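Nothing in this text is a laboratory measurement; each read-out follows from the coordinates by a stated rule. None of these values were measured; they are calculated from a predicted model. Heads up, the Cβs are rebuilt from the backbone with ideal geometry, glycines too, and the neighbour counts pull from every protein chain shown.
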Amino acid sequence: MDVPNLIIDDRKNAIFRVHRTAMTSQEVFELEQRNIFDRCWLYVGHESELPNPGDYRRRHVAGRPIVFVRGSDSVIRLFFNTCTHRGARICRQDAGNQASFQCFYHSWTFNNKGELVGVPDEESYAGEWNRKERALQQPARSDNYRGFWFLSFNPDMVDLDEYLAGAKEYLDLVADQSEVGMRLLPGTNRYATNANWKLLVENSLDGYHGAPLHVTYWQFLAKQGLDRLGQLTADTARGLDLGNGHAVTVSPAPYGRPVALWHPTFGEDAREEIASIRQRLIDRHGEDRAYRMTETIRNLFVYPNLIINDVMAITVRVIWSISPNQMDVTAWALGPAEESSSMLKRRIEGFNLFLGPGGFGSPDDVEALEACQEGFAATAVEWSDISRGMRREATAIDERQVRALWREWHAHLQGLPHGDHSPDYQLAAQEAASSG
Amino acid sequence: VATTEALAAIRQEVEAFLFEEAAILDDWRLDDWAALFTEDARYVVPATDARHADPNVTLGLIDDDIVRIRGRVERLKSRHAHREFPSSRTRRLITNVRVLKTTDDAIQATANFLVSRVRNGQTDHMVGRYLYTLVRAGNGLKIRSRRAELEAETLAPHGTVSIIL
């Protein structure tokens, strides 16, 4: 595999191409596991999923079984879901509340802080027997930012705070929408797609496809009185590289938002409540920041595989690479814990209608990604083009934010710490200036 | 209180209605399907990890009122519903029909389903149960509430609910 030549990144000539074997090769898939998923900070869960001591959620993180648990001491911890004795999963339900986890195979018992507290016939173990050495094992690193919990299997990884770089500001714009804390709603979207995982990262950041692919969604909203589709291509819409592979698109909202922009589909009775939510945000955060939180939409990518769409609702979407042409997706809805029942209903309706796999939008995204993966079989066409907006400050329908993924990815595959995230257009501008 | 005979007649009527609805959907006569609903109707497909949850407070897969039911039909009739253009072949097996409760104006019933969807080299089998609230309308029945609870743990391999389930 000729990894250095998987991408052509030529800022001077505004050329950016990705070789399609990046989406089809088993060797690339394995390199990604080692160089990306075994190293980076990876999203695990949200603190609101564990409100009470003893609450736990079972997770798979890059294929590894993990228990995300709040101990009896209220501390959130992550453990590998495997008995230190012979390996059986000690947690065999997706969610619940337990003081301890007893392995059903030989009845070793661990408390919800991970300590080994019970071993049948323990006195039969001779020699250097030490319960502490047999506690549940934790991933090398775990930490949270504003309630979003991450882990890294890499003991030498930089701190989460440093890793998140420019993405923190955008996580703040989500977290600050609540006065008491954001919470993940019950109900999970779990689905598979027969396409390479990076295609969904691209798609989640790709404003260019919004208008043409999702015609049926816009037509439905137009019938409900929507007249703001032009917002998606507004001059103020932006695609931004946030450093370390993270990226975001920002556009004026073309539709209503529970926090907090009224739209006719919400009904007249919602006007007053939305105005009041908005006013409280202005009081707490000032006009400018409240404007960003209420009247703009953001598709945030936290490298390598977390998407937070803060749009007509808020998704927390995690993408797992299963094979070169298969991904698994898990998505949740996030909202302010204090939201009224009527606004919560609007939030869920908005999510179901566009963001979910049964909606008027996502099924067509899945179809597009699978169509790309099928198209890659035409190996004679070797390159995908991701060069939109290389000669200007990129808009949300350009691809600078998609290049952020690819530049970091390409560096990681080559064992380098980071890609070059400097602006695309500077070199071209310098070139033009010197030749003019 | 309905007699045993009357209950058997209701069950038979409900079964015939559900079989007819399944035929309408397998024939892709989507306008006819939308016409089966009352104006206050609701069509719900809950999340696979919250099958019995209240859609007002739980993220699901589908929660349509009559406006969205008609919108879904319009969408599926268009060539721009890409996941269903060209449209898939479906075949529905509806069984174990039971009447749960009858009142003066409504019948609550349940049935098991196996919906097979075939498209683009792939076959999906979606299994689950329906919960219906049907109401009398003229000589026939209309759907006030239709809920399809999937037994699947994840949407795979198909990855979406792109057909009417």
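Annotations for the structure displayed:
- Note that the stretch A:28-34 has calculated 3J(HN,Hα) couplings of 5, 4, 5, 4, 4, 4, 6 Hz, one per residue in order, obtained from phi through the Karplus relation 6.51 cos²θ - 1.76 cosθ + 1.60 (θ = phi - 60°); glycine and proline are x.
- The stretch A:1-85 shape via C-alpha gyration tensor axes, a/c threshold 1.5: prolate
- Leading residue at positive end of dipole, the stretch B:46-147 (Cβ point charges), from B:THR102, B:GLY140, B:ALA53: B:GLY140
- Placing +1 on the Cβ of every Lys and Arg and -1 on the Cβ of every Asp and Glu, with no other charges, gives the stretch B:113-165 a dipole of roughly 420 debye about its Cα centre.
- Alpha carbon centroid spacing (whole Å) that separates the stretch A:154-197 from the stretch A:46-117: 22 Å
- Alpha carbon centroid spacing (whole Å) that separates the stretch B:42-87 from the stretch A:310-332: 19 Å
- Per-selection Kirkwood Rh - chain B (Cα, Å, 1 d.p.): 16.5 Å
- Fewest neighbouring Cβ atoms within 10 Å first, the residues A:THR84, A:THR315 line up as A:THR84, A:THR315.
- Check: the stretch B:1-89 dipole with +1 on Lys, Arg Cβ and -1 on Asp, Glu Cβ, in debye: 500 debye
- The stretch A:315-436, relative contact order in percent, only Cα pairs under 8 angstrom and at least six apart counted: 12 percent
- Between A:GLN33 and A:SER100, full extension at 0.36 nm per residue minus the direct alpha carbon distance yields a gain of 20.9 nm.
- Residues considered: A:SER341, A:SER100, A:SER124. Largest GNM mean-square fluctuation over chain A, using C-alpha springs under 10 Å, is found at A:SER124.
- Each Lys and Arg contributes +1 and each Asp and Glu -1, all at the Cβ; summed about the Cα centre of the protein assembly as shown, the dipole is approximately 740 debye.
- For A:ALA195, residues with placed amide H under 5 Å, excluding near neighbours: A:GLN326, A:MET327
- Counting neighbouring Cβ atoms within 10 Å and putting the fewest first, the residues A:MET23, A:MET312 line up as A:MET23, A:MET312.
- Listed by chain and number, the lysines placed with their C-alpha closer than 21 angstrom to that of A:LYS132 are A:LYS113; residues fewer than eight positions away on the same chain are left out.
- Note on A:LYS132, B:LYS142, A:LYS12: ascending count of other Cβ atoms within 10 Å places them as A:LYS132, A:LYS12, B:LYS142, the fewest first.
- Angle of helix B:4-26 to the longest C-alpha principal axis of chain B, folded into 0 to 90 degrees and rounded to 10: 20°.
- Along the axis of the charge dipole computed for the protein assembly as shown (Cβ charges of +1 for Lys and Arg, -1 for Asp and Glu, origin at the Cα centre), the listed residues A:LEU200, B:TRP28, A:ALA260 are led at the positive end by B:TRP28.
- Normalising the average separation of contacting C-alpha pairs (under 8 angstrom, six or more residues apart) by the number of residues puts the relative contact order of chain B at 23 percent.
- In degrees, nearest ten, helix B:66-77 long axis to first principal axis of chain B (Cα): 40 degrees
- 11 Å cut-off, amide nitrogen to a point 7 angstrom out along B:THR95 Cα→Cβ, residues in the stretch B:113-134: B:113-114
- By the compact-protein rule of thumb, 2.2 N^0.38 Å, the alpha-carbon radius of gyration of the stretch A:303-364 corresponds to a ratio of 1.25.
- Alpha-carbon geometry of the stretch A:352-436: the Rg and the Dmax are 17.4, 54 Å, given in that order.
- Between A:ALA95, A:ALA253, A:ALA167, the GNM of chain A built on Cα springs shorter than 10 angstrom shows A:ALA95 fluctuating the most.
- As a calculated quantity, the FRET efficiency between B:HIS125 and A:ASP283 at R0 = 45 Å, using C-beta atoms, amounts to about 0.25.
- Residue by residue, the stretch B:84-89 carries 3J(HN,Hα) couplings of 10, 10, x, 6, 7, 8 Hz when phi is fed to the Karplus relation 6.51 cos²θ - 1.76 cosθ + 1.60 (θ = phi - 60°); x denotes Gly or Pro.
- For B:LYS77, the lysines whose Cα falls under 27 Å of its own Cα, not counting residues fewer than eight places away in the same chain, are A:LYS223, B:LYS142.
- Expected-Rg normalisation [2.2 N^0.38 Å, Cα atoms] applied to the stretch A:279-436: 1.31
- Farthest toward positive dipole pole in chain A [+1 Lys/Arg, -1 Asp/Glu at C-beta], among A:GLY114, A:ALA22, A:LEU300: A:GLY114
- Mean-square fluctuations from a GNM of chain A, with a 10 angstrom spring cutoff on Cα atoms, peak among A:LEU199, A:LEU42, A:LEU334 at A:LEU199.
- For the stretch A:266-305, the gyration tensor built on C-alpha atoms gives an oblate shape. Its axis ratio a/c (a ≥ b ≥ c) is at least 1.5, and a/b is not larger than b/c.
- In terms of overall dimensions, the C-alpha atoms belonging to chain A reach 82, 59, 38 Å along their principal axes, ordered largest to smallest.
- Calculated FRET efficiency for the pair A:GLN426/A:ASN154, C-beta based, R₀ 30 Å, to 0.05: 0.40
- Scanning residues 5 or more positions from A:LYS113 or on other chains, those with amide H under 5 Å from its amide H are A:SER72, with H placed 1.01 Å from N in the peptide plane.
- With semi-axes defined as the square roots of five times the eigenvalues of the C-alpha gyration tensor, the equivalent ellipsoid of the stretch A:167-269 measures 23, 21, 17 Å, largest first.
- Taken one residue at a time, the phi angles of the stretch A:388-393 give Karplus couplings (6.51, -1.76, 1.60, θ = phi - 60°) of 4, x, 6, 10, 8, 5 Hz. Gly and Pro are set to x.
- Those trypsin sites (Lys or Arg not before Pro) in the stretch B:45-97 that DSSP places in a loop and that have at most 13 other beta carbons within 10 Å: B:ARG79
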